[in-house]
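Data block below; observations after.
The values are calculated or read from the model by the stated rules, or taken from the named source; none is laboratory data. This one's a predicted model, so the numbers in the text were calculated from it and none came from an experiment. Every residue, glycine among them, receives a Cβ derived from its backbone with ideal geometry; neighbour counts consider all protein chains shown.
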């Protein structure tokens, strides 16, 4: 199967997200991904969630704080930010979610976080 030409490939943006919970609580990548999907569906609906295509690319969580990189389609960053802002708990654990910045590449997003 041939690759799509560059002008037909989807363009992505990467949201750098910080997570914070109470000390002693933990959140894993799978649970965070599921909550991203649910928040997208609840706020944006099925078509909007499919257009935004929220996917967790990187996830690091320890000592009640963590960071994640969420991949979003190019024109859907604002709806994705709104959907992520709706997350208030993950698996019954209260969590604070904050979008720190938006980047065009994973490399730039990881360079800025370190």
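General observations
- Residues of the range 47-71 that are in a helix (DSSP H, G or I) and farther than 16 Å from residue 86 by Cα: 47, 50, 51.
- Residue list for the range 76-97, restricted to those being under 13 Å from the mean Cα position of the chain (by Cα) and more than 13 Å from residue 19 (Cβ to Cβ): 76, 77, 78, 79, 80, 81, 82, 83, 86
- Residue match in the range 72-80 (condition: modelled with pLDDT of 95 or more, outside any strand (DSSP E or B) and out of contact with any strand residue (DSSP E or B) (no Cβ under 9 Å at 6 or more places or on another chain)): yes
- Residues of the range 81-114 satisfying the condition of being in contact (Cβ under 8 Å) with a residue 60 or more places away in the chain and in a strand (DSSP E or B): 90, 93, 94, 95, 96, 97, 98, 99, 100, 101, 102, 103
- If you filter the range 56-75 down to residues that are free of Cβ contacts under 8 Å to residues at least 40 places away in the same chain and surrounded by 15 or more Cβ atoms within 10 Å (Cβ to Cβ), you find that the one that is nearest to the chain's Cα centre (by Cα) is 56.
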